[in-house]
Structure formats: structure tokens, C-alpha cells
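The values are calculated or read from the model by the stated rules, or taken from the named source; none is laboratory data. This is a predicted model, so every value here is computed, not measured. Methodologically, a virtual Cβ is constructed for each residue, glycine included, from the backbone with ideal geometry; neighbour enumeration extends over all protein chains shown.
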Amino acid sequence: MFPIRDHNPSDRTPFITWALIAINVVVFLSYFPGIGGQERLLMAFYMDWALVPAEASQGLELHTIITSMFLHGGWMHIIGNMLFLYIFGDNLEDQLGHLGYLLFYLASGVAAAFAQMAADPSSTVPMVGASGAIAGVMGGYLLLFPRARVDVALIIFVIIKVITVPAWLMLGLWFGLQLVNGAASEAAGGGVAYWAHAGGFVAGVVLVLPVWLRRGGPGFWRHNHGLPPHAERFSEPPAAGAQPARYDDAPASTKVPRAGQRRVDRQSPWGGSR
């Protein structure tokens, strides 16, 4: 199960999200097509620029905490990461502003790196990927937009079905899988940095918490429904025969949308109609 889009428009053009995607793609194309099939050269490159917990935990090569966030291990790795960033990043940037979002993204990536180092400080396996920072974006999205609708592709053997689920369900399941797989990978010696994912996710929730509280905490879900103001959800349609109110005179919570505006069914903060 992986997301393909959300139904959560944003007011602000996500310049930083687009720039982060572009930087990751350009960096990947600058090295991987040339040395991706040569394991020795690829490993030497990663040893210089990827995060090696055994070194960073001793205060060595600390620059790799940042540089590793812009490296990837293969085509599916970068495609998956950039898809998640594209879907969830624009709404966080809308709420945090361009500079605030950039700092949030980098801070989440740093927190993810430290979480992985804390889980296995003696590891000599290079860690690469934007997954930790993007996990922070997902954690912040979960707090601010728990009931935003997300289309996910559900793959069962050879059958692919697209379903729509609330963000809290999709992101909650994803976070739970990181915890379960992280605990299992210690014994199995898995190569995915699950604890970096979990650490980045938690960091994202914590970093966005002041914004959520400043917006009114649970009231942000109640009054704004976890969506930008222009995407306000509307009440149930009026009874048959009722005269529609003029848009400019109607209360904000019951305005009839103008032609071309989007109408979205009203839902409770954790999914389901009310």
C-alpha cells in the first residue's frame, strides 16, 4: 500500500518542496547512473558522503548527517521518496512558510540520523536517503491534517486497486510498520534504516506541535477541518425547496461555494462523515 495523491489543496506555491525534489534528483543523476553498477566505486562514494553511524557517533564526518539526506541507493528508492515528498510536502510548506518548512525538513532529517545512530551506534553500514526527513513531513502532516483524504494503491498479488483512506489511517499504519520492522531488523540484520524513519516521524510531530497549538489545537480540526481556509468543508445540503443564502451574507461555516469552487463533504477529525 502506497499513496499516489491526496485531496488536500494548498494556498501557497510549494517552491521549497519542488526545490528539494529537484536537488535530490540532480544529485542522484550526477553519480548513480555512472557508478551504480560498480559496487566498489559506489561503496567508496557512500563512505565519503553517506552517514556511517560508527563514525558520526564519535564526532567524525559530521557533514554526512546533511549530505546523506540527498543521496539514494537506487531508482525505486528515490522515486518512492520523491513521491511521498510531493504528496505531503506542499501542505506542510503551506502551513509553515517557505523558510520555516525548509528548517523543519532539515531538522527532521537530523533527528532521524541521530535516532538511527542511537539504535546502532557501532554500525559501519553507510546510511543514505531522504526518508528520515520525509518521515518528519509525514508526522507533521498527520498532526495537522489527520482526516485529509489520501488515495493509496493497494497491491494484492497481481491486483492493483486504488482506495481512498483518511490520512491518520495511512500514516498511522506506516509508522507502526517502521516500529515493527525496526525491532525485527535488529535480529535479522536488515538494511533499511527503520529507526531513522520512526525518529524522523516523531520529530515531525514534535516540531509541528507548537504550530498546531497556536492554531487552536483540536479546534484547528473542528473549525478549519485540518485544511487550508479556501478548502473549507461545507455542511449537508439544504432541505428540498429551501432558498439558498447569498454567498457574501452566509456565515463562514455554511457558505455555498461559488461556481468553480470545490465542495468537500464535512467529516469528523478522524474520518467518517458527520
Taking segment 89-110 and keeping only residues that are of a type in the set (Gly, Ala, Ser) and either buried (at least 24 other Cβ atoms within 10 Å of the Cβ) or more than 28 Å from Val180 (Cα to Cα) (or both), one is left with Gly89, Gly97, Gly100, Ser108, Gly109
Ala119: passes all of (1) at pLDDT 95 or above; (2) in contact with a Phe, Trp or Tyr (Cβ under 7 Å, 6 or more places away or on another chain); (3) farther than 30 Å from Gly34 by Cβ but (1)
Considering residues that are part of a strand (DSSP E or B) and among the hydrophobic types (A, V, I, L, M, F, W, C), the number found within segment 120-178 is 12
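Considering every residue within segment 194-205, establish whether at least one is assigned to a helix (DSSP H, G or I) and free of Cβ contacts under 8 Å to residues at least 40 places away in the same chain.
Looking for residues that are assigned to a helix (DSSP H, G or I) and free of Cβ contacts under 8 Å to residues at least 40 places away in the same chain, one finds at least one in segment 194-205, hence yes.
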Checked segment 56-81 for anything under 16 Å from Gly200 (Cα atoms) and among the hydrophobic types (A, V, I, L, M, F, W, C); matches are Ile65, Ile66, Met69, Phe70
Filtering segment 201-215 down to residues that are at pLDDT 90 or above and among the aliphatic types (A, V, I, L, M) yields Val202, Ala203, Val205, Val206, Leu207, Val208, Leu209
Residue pairs qualifying under the 7 Å Cβ cut-off, at least six apart or on distinct chains, with the first in segment 111-136 being farther than 23 Å from Ile23 by Cβ and the second being among the polar types (S, T, N, Q) and surrounded by fewer than 23 Cβ atoms within 10 Å (Cβ to Cβ), are Met117/Ser57; Pro121/Ser57
Per the list (1) free of Cβ contacts under 8 Å to residues at least 12 places away in the same chain; (2) surrounded by 15 or more Cβ atoms within 10 Å (Cβ to Cβ); (3) under 16 Å from Met117 (Cα atoms), residue check on Leu51 breaks on (1)
(Q) On the basis of being of a type in the set (A, V, I, L, M), touching a helix residue (DSSP H, G or I) at 6+ places or on another chain (Cβ under 8 Å) and surrounded by fewer than 15 Cβ atoms within 10 Å (Cβ to Cβ), does Leu41 make the cut? (A) yes
The condition from (1) in a helix (DSSP H, G or I); (2) touching a residue at least 40 places away in the same chain (Cβ under 8 Å); (3) surrounded by fewer than 13 Cβ atoms within 10 Å (Cβ to Cβ) that Gly34 misses is numbered (2)
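Conditions tested, residue by residue: (1) of a type in the set (D, E, K, R); (2) at pLDDT 95 or above; (3) within 27 Å of Pro14 (Cα to Cα); (4) within 25 Å of the chain's Cα centre (by Cα).
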position	(1), (2), (3), (4)
Leu42	no, no, no, no
Phe45	no, no, no, no
Val52	no, no, no, yes
Gly73	no, no, yes, yes
Ile78	no, yes, yes, yes
Leu85	no, yes, yes, yes
Gln95	no, no, yes, yes
Gly100	no, yes, yes, yes
Tyr105	no, yes, yes, yes
Filter segment 54-88 for residues that are of a type in the set (A, V, I, L, M) and not in a helix (DSSP H, G or I); the one that is surrounded by the fewest Cβ atoms within 10 Å (Cβ to Cβ) is Leu60
